[in-house]
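Have a look at the structure below before the remarks.
The values are calculated or read from the model by the stated rules, or taken from the named source; none is laboratory data. Source: prediction; values computed, not measured. Cβ placement follows ideal geometry from the backbone for every residue including glycine, while neighbour counts extend to all protein chains displayed. For the accessible areas, the whole protein counts, side chains as well, though only heavy atoms, and no ligand, DNA or RNA atoms are used. Shrake-Rupley method; radii C 1.70, N 1.55, O 1.52, S 1.80 Å.
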Amino acid sequence: MILELKVANFLSIKDEQVLSFEATSDTTLEDVYVIKKGKYRILKSAMIYGANASGKTNILAALDFISRLLHQPADEKSEQTGHMPFLLDKKSREKDGQFELSFITDDIHFIYSLQINHAWITNEKLVYYPGVKPAIVFQRHYDKEKDLSVVELGSTLRIKSTDKDLLQSTTLRNISVLAAYGKLNIDVPEMEKAYRFFKNTLMPIIIPYGNLRRWSNSLVDKTTDAKQFVLKMLQKADFKIEGIALKTEKEGSGINIREQIELDKFPGDLRARAETIKGYEKKSLSFLKKIPDSTPVLFPAELESAGTNRYYDLSGVLYDVLSNNKCMMIDELENSLHPDLVNHLIKTFLVNSQEAQLIFTTHNVNILSEQDSLRKDVIWFTQKSKEGATELYSMADFSHRKELSFINAYKAGKFGAKPKLGSIYMEG
């Protein structure tokens, strides 16, 4: 589980911003929101409000950036890292980005830190807590003169010298040590635990109009438990759906695929490969619907509303998240969904999560009206400073009494994080 994210000089974020999942001393809804791990009380969720272009998504993007360094490592050291600094300040444009992620996996506390620019990783470090005091797993720095990364392993690690040399040679200047480790047939328990956290726990951002259909269809098709879970989600959402049907269809042939991809524009090697394609399989989704005194009818998903389709897709992903204790990031959770359905989805996650976490951005202030089911420390805000940089802060930072309305205070501007709108009259 994530304890804390720190990020500086990345996209709209200039100075260090901190997103913390460590619960405050408040014990409101403790059983619903808080997981105890050793001395830590960790929150299952965080929601981020803010005006458009205030940087809400960039908080999620920071986590996603760290994750992608491991999931999609470069093949050559000439490739760029993908880091983008804060561009509205000359000094920031010339500085490295700074990231630090504190997390607990297998009941062990790790802290991963990263300093990076567009071309290479300047510094990288992983420490863990085998006891009260931290121990180094690895640290690396970039030798600019030799144009290579220098990796140093902690003294407590047991690793053969040949494996150490392999790790050193595989760690290109633009890839993480953990990504290099993932390419090798070696086993270092301390590294393995951290690597598996990034690989199996941190999920990519779910964007507002992202296509999750294949992911959800695959889960529903493979296991009865997943199918039953998704069906229950749809039924509880009052979509009048009684069943889910997936049909495997073959689409395409060598001839029409060649027409579709316009082979004359493809290089010779791709043309030769495409000509061998005989077709591909596609899952066709339908919903069985029934109203009182009627015969059940099978409706293709294409005939259903955007909200029904979105909820089906999210329900499949939610099953994966809850079953495997993953961390799910959703940008604009409310996309295509009724406000009541958004609240229901959040509550469903909270009461069924064991160690899973949900981070989402939203403009749906209706969530704040459900004050009896909220904690102040799960509500976060972003707003832009005078210099155009993202500032992130929590409702817990305000001396706002719990008995006073969250939604009214937000609408009144007490927490900021709202657009400052001009006149509706267009002057010539």
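Would you confirm whether any residue within the stretch 99-118 is surrounded by fewer than 16 Cβ atoms within 10 Å (Cβ to Cβ), at pLDDT 95 or above and not charged (D, E, K, R)?
Yes, there is a match, as at least one residue in the stretch 99-118 is surrounded by fewer than 16 Cβ atoms within 10 Å (Cβ to Cβ), at pLDDT 95 or above and not charged (D, E, K, R).
Output the number of the condition that residue 292 fails; it satisfies all remaining conditions of (1) assigned to a loop (DSSP other than H, G, I, E, B); (2) open to solvent by less than 60 Å² (accessible area, probe 1.4 Å).
Among (1) assigned to a loop (DSSP other than H, G, I, E, B); (2) open to solvent by less than 60 Å² (accessible area, probe 1.4 Å), the lone unmet condition for residue 292 is (2).
Quick one: in the stretch 60-117, which of the residues that are in a loop (DSSP other than H, G, I, E, B) and among the hydroxyl-bearing types (Ser, Thr, Tyr) is farthest from residue 380 (Cα to Cα)?
The extreme case among them is 78.
Can you pull out every residue in the stretch 219-240 that is on the phi < 0 side of the Ramachandran plot and touching a residue at least 24 places away in the same chain (Cβ under 8 Å)?
Matches in the stretch 219-240: 219, 220, 221, 225, 226, 229, 230, 233, 234, 236, 237, 239.
Criterion first (at pLDDT below 85 and open to solvent by 40 Å² or more (accessible area, probe 1.4 Å)) does residue 282 satisfy it?
For residue 282, the condition - at pLDDT below 85 and open to solvent by 40 Å² or more (accessible area, probe 1.4 Å) - is met.
Need pairs with beta-carbon distance below 8 Å; first residue among the hydrophobic types (A, V, I, L, M, F, W, C) and within the stretch 370-383, second open to solvent by 10 Å² or more (accessible area, probe 1.4 Å) and not in a helix (DSSP H, G or I); sequence gap 6+ or separate chains.
Between residues of the stretch 370-383 that are among the hydrophobic types (A, V, I, L, M, F, W, C) and residues that are open to solvent by 10 Å² or more (accessible area, probe 1.4 Å) and not in a helix (DSSP H, G or I), the close pairs are 374/29; 380/392; 380/393; 381/392; 381/393; 381/416.
What number of residues within the stretch 62-95 satisfy the criterion of being closer than 23 Å to residue 384 by Cβ and either open to solvent by less than 30 Å² (accessible area, probe 1.4 Å) or under 21 Å from the mean Cα position of the chain (by Cα) (or both)?
Looking only at that region, the number is 9.
Just a yes or no: is a residue in the stretch 411-426 at pLDDT below 95, surrounded by 21 or more Cβ atoms within 10 Å (Cβ to Cβ) and out of contact with any Gly (no Cβ under 6 Å at 6 or more places or on another chain)?
Yes: the stretch 411-426 contains one or more residues that are at pLDDT below 95, surrounded by 21 or more Cβ atoms within 10 Å (Cβ to Cβ) and out of contact with any Gly (no Cβ under 6 Å at 6 or more places or on another chain).
In the stretch 240-253, is there at least one residue being open to solvent by 70 Å² or more (accessible area, probe 1.4 Å), at pLDDT 75 or above, assigned to a helix (DSSP H, G or I) and not β-branched (Val, Ile, Thr)?
no
Residues in the stretch 40-73 that are in contact (Cβ under 8 Å) with a residue 24 or more places away in the chain, of a type outside the set (Val, Ile, Thr) and farther than 21 Å from residue 9 by Cβ: how many?
11
If the requirement is being more than 21 Å from residue 321 (Cβ to Cβ), in contact with a helix residue (DSSP H, G or I) (Cβ under 8 Å, 6 or more places away or on another chain) and modelled with pLDDT of 90 or more, which of these qualifies: 386, 376?
376
Search the stretch 213-239 for residues being open to solvent by 20 Å² or more (accessible area, probe 1.4 Å), hydrophobic (A, V, I, L, M, F, W, C) and closer than 24 Å to residue 294 by Cβ, and hand back the single one that is modelled with the lowest pLDDT.
239
Scan the stretch 347-369 residue by residue and report those that are under 25 Å from residue 322 (Cα atoms), open to solvent by 10 Å² or more (accessible area, probe 1.4 Å) and assigned to a helix (DSSP H, G or I).
Scanning the stretch 347-369 gives 347, 348, 351, 352, 366.
Under the condition of being of a type in the set (S, T, N, Q) and either in contact with a strand residue (DSSP E or B) (Cβ under 8 Å, 6 or more places away or on another chain) or under 21 Å from residue 31 (Cα atoms) (or both), which residue from the stretch 370-407 is most open to solvent (accessible area, probe 1.4 Å)?
Looking at residues that are of a type in the set (S, T, N, Q) and either in contact with a strand residue (DSSP E or B) (Cβ under 8 Å, 6 or more places away or on another chain) or under 21 Å from residue 31 (Cα atoms) (or both), I get 383.
Identify all residues within the stretch 122-163 that are of a type in the set (Gly, Ala, Ser), under 22 Å from residue 37 (Cβ atoms) and modelled with pLDDT under 95; write none if there are none.
If the condition is that a residue be of a type in the set (Gly, Ala, Ser), under 22 Å from residue 37 (Cβ atoms) and modelled with pLDDT under 95, then 131 is the only one that fits.
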